[in-house]
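Notes follow the structure.
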Amino acid sequence: MSETEGARLFREAWIAGVHRHFPGEPKPGYVAPWEDTPQWEREAAGAVAAQVYQLIGLSESAAARLTREQKGRFVAISWTAQMHKHFTDPKPAYVADWSELPAWQQETDADIFEAIEKSLD
């Protein structure tokens, strides 16, 4: 899968997760379609998707045995690294530690990992 395809899959999984887990009405930017997603965000999504694919490959698919929380944490940490790459002084919410993320975001991050995992079937 190309990085662009991985980025789109990431974004689609993010939007689906927000709709599934976000309490109330999400901010428009949370569910903006691919065409309205900023370039930095597309690049970050592609990089994180590539990292998930690499983890799955390097573990010879043993990453499937990670807990749902571990999968979500991996996505969150990978995203945080991308935020530091793209922003000199990122917003605190962009680089919050796992324990500081709202439950809806933790669940959405786990959904993203699992969507990428399923794309390999």
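Looking at segment 33-56, is at least one residue under 22 Å from residue 104 (Cα atoms), loosely packed, with under 11 Cβ neighbours inside 10 Å, out of contact with any helix residue (DSSP H, G or I) (no Cβ under 9 Å at 6 or more places or on another chain) and not hydroxyl-bearing (Ser, Thr, Tyr)?
No, because not a single residue in segment 33-56 is under 22 Å from residue 104 (Cα atoms), loosely packed, with under 11 Cβ neighbours inside 10 Å, out of contact with any helix residue (DSSP H, G or I) (no Cβ under 9 Å at 6 or more places or on another chain) and not hydroxyl-bearing (Ser, Thr, Tyr).
When residues of segment 34-81 are filtered for being at pLDDT 95 or above and in a loop (DSSP other than H, G, I, E, B), how many remain?
Residues flagged as at pLDDT 95 or above and in a loop (DSSP other than H, G, I, E, B) within segment 34-81 amount to 6.
I'm trying to understand the selection: among the residues of segment 82-117, which are assigned to a helix (DSSP H, G or I), surrounded by fewer than 19 Cβ atoms within 10 Å (Cβ to Cβ) and among the polar types (S, T, N, Q)?
99
Tell me the residue from 89, 121 that is modelled with pLDDT under 95 and either touching a Gly at 6+ places or on another chain (Cβ under 8 Å) or of a type in the set (Asp, Glu) (or both), please. First the steps, then the outcome.
Details: 89 fails: modelled with pLDDT under 95.
The match here is 121.
Which of the residues that make up segment 21-49 are in contact (Cβ under 8 Å) with a residue 60 or more places away in the chain and farther than 17 Å from residue 75 by Cα?
22, 23
Just one of 77, 116 is over 21 Å from residue 26 (Cα atoms), touching a residue at least 24 places away in the same chain (Cβ under 8 Å) and hydrophobic (A, V, I, L, M, F, W, C); which is it? Even if it seems obvious, please write down each step before you answer.
Values: 77 fails: touching a residue at least 24 places away in the same chain (Cβ under 8 Å).
The unique qualifying residue is 116.
Name the pairs whose Cβ atoms lie under 7 Å apart, with the first residue in segment 8-20 and touching a residue at least 40 places away in the same chain (Cβ under 8 Å), the second assigned to a helix (DSSP H, G or I) and hydroxyl-bearing (Ser, Thr, Tyr), and 6 or more positions between them or separate chains?
From residues that are touching a residue at least 40 places away in the same chain (Cβ under 8 Å), the pairs are 14/108; 17/108; 18/30; 18/108.
List every residue pair whose Cβ atoms lie under 9 Å apart, where the two residues are 6 or more positions apart in sequence or sit on different chains, the first residue falls within segment 81-103 and is farther than 21 Å from residue 38 by Cα, and the second residue, located anywhere, is of a type outside the set (A, V, I, L, M) and surrounded by fewer than 12 Cβ atoms within 10 Å (Cβ to Cβ).
Pairs that qualify, where the first residue is farther than 21 Å from residue 38 by Cα and the partner is of a type outside the set (A, V, I, L, M) and surrounded by fewer than 12 Cβ atoms within 10 Å (Cβ to Cβ), are 100/92; 102/23; 103/23.
Identify, by number, the condition in (1) assigned to a loop (DSSP other than H, G, I, E, B); (2) buried (at least 16 other Cβ atoms within 10 Å of the Cβ); (3) among the hydrophobic types (A, V, I, L, M, F, W, C) that residue 120 doesn't meet.
Of (1) assigned to a loop (DSSP other than H, G, I, E, B); (2) buried (at least 16 other Cβ atoms within 10 Å of the Cβ); (3) among the hydrophobic types (A, V, I, L, M, F, W, C), only one is false for residue 120: (2).
The values are calculated or read from the model by the stated rules, or taken from the named source; none is laboratory data. Because the structure is predicted, anything quoted here is derived from the model rather than measured. Don't worry about glycine lacking a Cβ; one is built from the backbone with ideal geometry, like all the others, and counts go over all protein chains shown.
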